[in-house]
Amino acid sequence: MKKLLIILIAVILLFSGCVGQKTVKTGDKISVDYTGSLPEGKVFDTSIESVAKENNLYAPGKEYKPLKLTVGKGDVIPGFDEGVVGMKVGETKTLTIPPEKAYGKSNPMMIQVIPTIEDVPATRVIPKVFEVPLSQFERTLGKDHKNGEVVKIPETNINLTILNITSNVSLSYNLKAGDHIWSSRAPWNETVVKIDEKNITLKANLSNNEVIQLQGAPWNTTVVGLSNVNITMRHNPIPDTVIPTMRGMIRVHFNETSIIMDQNPELAGKTLIFKVTLKSIDK
């Protein structure tokens, strides 16, 4: 009878939650469902398909399932890692995570502001003779060249004469006043307007209302003013977009007067709110 009473008490305690429930600690492998949002309510990420569809985040082909992570290993942002410690299976918890525990503060050095209306010089001056490292020259134009040889810059109509080859290659432009030059990488063609002993002056070949495409820009640009000194350009607004680069993603936003080009993580400087449900603790 005494043994039966002990078993009965243990069962009551177990079902009342007083014993037997594990809680999350550092080093545990766990799985969670989560929904991340901003303080104003905008949802930016979730592991739950129905929530993704409700908030126009659904990506066909993406597998929506609980997130698996090892607590304290750095699989998630620090505030998330710390916030799940002490949770029990089945528990739902709301984590409010400040920027320093999320994606850090926004770095002003990673934000470039360009006026939508800007002036650029109508002419540019380049040296008549210049040098490049031999390795760079050979990557561009190949090996086994000699002094006095004429070579062409790829994807242009510009010819150069090789003056001297050592660890550097000395080159001179084969240009004369009135020549028109072009490059597939340049937004406009140019005319040679002046040559002296040291320099070559080039002038942009443009006309008012001409639409040009600046290299790498997802927007186009209209010439709205021309003088012998400056070209006035208007960058034409586009909806918010992202430019992929070797250094990461650049987010582009037009306002009334400027283009904001931000290379910070999208959630940098923001307080994040996560609704987290612990699905399992896997030792």
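Bear in mind that the values in this text are calculations on the coordinates, not laboratory data. Note that the coordinates shown come from a computational prediction; the quantities given were computed from them, not determined experimentally. When we count neighbours, we look across all protein chains shown, and the Cβ atoms used for this are built from the backbone with ideal geometry, even at glycine.
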*Want the number for residue 129 to residue 53: 0.36 nm per residue separation, take away the alpha-carbon distance, what's left?*
21.2 nm
_If you take percent of Cα pairs over 26 Å apart from the coordinates, which of (1) 38; (2) 67; (3) 48 do you get?_
(2)
*How large is ³J(HN,Hα), in whole Hz, for each residue of segment 116-126 in order, when computed from phi with the Karplus curve 6.51 cos²θ - 1.76 cosθ + 1.60 and θ = phi - 60°, using x for Gly and Pro?*
5, 10, 9, 9, 10, x, 7, 10, 9, 10, 10
*Positive-end residue of 38, 85, 235, charge dipole of the chain with Cβ unit charges*: 85
*Shape call for segment 114-262 from the C-alpha gyration tensor, a ≥ b ≥ c root eigenvalues: rounded (a/c under 1.5), prolate (a/b greater than b/c) or oblate?*
oblate
*Against the longest principal axis of the chain, how steep is helix 2-15, in degrees 0 to 90 to the nearest 10, with axes from Cα atoms?*
30 degrees
*List, in order, the whole-Hz ³J(HN,Hα) value for each residue of segment 63-76 obtained from phi through the Karplus relation with A = 6.51, B = -1.76, C = 1.60 and θ = phi - 60°; use x for Gly and Pro.*
8, 8, 7, x, 7, 9, 8, 9, 5, x, 8, x, 5, 10
*Of 52, 166, 264, which is farthest along the charge dipole of the chain in the positive direction, counting Lys and Arg as +1 and Asp and Glu as -1 at C-beta?*
52
*Distance from the Cα centre of segment 133-180 to that of segment 48-95, in angstrom?*
57 Å
*What dipole magnitude, in Debye to the nearest 20, does the chain give about its Cα centre under +1 on Lys/Arg Cβ and -1 on Asp/Glu Cβ?*
1280 debye
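For residue 93, what is the net charge nearby, where nearby means another residue's Cβ is under 12 Å from its Cβ and Lys, Arg count +1, Asp, Glu -1?
Values: positive: 88, 275; negative: 33, 82, 91.
Combined, the nearby Lys, Arg, Asp and Glu give -1.
Counting only other residues whose beta carbon sits under 10 Å from that of residue 260, what net charge do I get with K and R as +1, D and E as -1? Intermediate values should be presented prior to the final figure.
Working: positive: 251; negative: 240, 262.
Cβ neighbours under 10 Å give a net charge of -1.
So how strong a dipole does segment 114-262 carry about its Cα centre when Lys and Arg Cβ are +1 and Asp and Glu Cβ are -1, to the nearest 20 debye? If you can, show how the numbers build up before the last one.
Working: 14 positive and 15 negative charges, 62 e Å.
Dipole about the Cα centre, nearest 20: 300 debye.
Where Lys and Arg each count +1 and Asp and Glu each count -1, what net charge lies around residue 38 among other residues with Cβ under 12 Å from its Cβ?
Working: positive: 42, 270; negative: 40, 45, 266.
Once positives and negatives cancel, what remains is -1.
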*So, in nm, how far is label residue 245 from label residue 165 when the simple model puts each one 7 Å beyond its Cα toward the Cβ?*
3.6 nm
*In nm, to one decimal, how far is the residue 266 label point from the residue 94 one, both placed 7 Å along Cα→Cβ?*
2.3 nm
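Compute the length gained on full extension between residue 117 and residue 194: take 0.36 nm times their separation in residues and subtract their Cα-Cα distance, giving the result in nm to one decimal. Spell out each step's value before the answer.
Details: separation 77, 0.36 × 77 = 27.72 nm, distance 2.88 nm.
Additional length available on full extension: 24.8 nm.
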_Label point at residue 213 placed 7 Å out along Cα→Cβ; residues across segment 121-142 whose backbone nitrogen lies under 19 Å_ = none
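Rounded to the nearest 500, what is the chain's calculated 222 nm mean residue ellipticity when only DSSP H runs of at least 4 contribute -39500 (n - 2.57) each, over all residues? Let's see the in-between values first.
Details: 4 runs with 34 residues, N = 283.
It comes out at -3500 deg cm²/dmol, rounded to the nearest 500.
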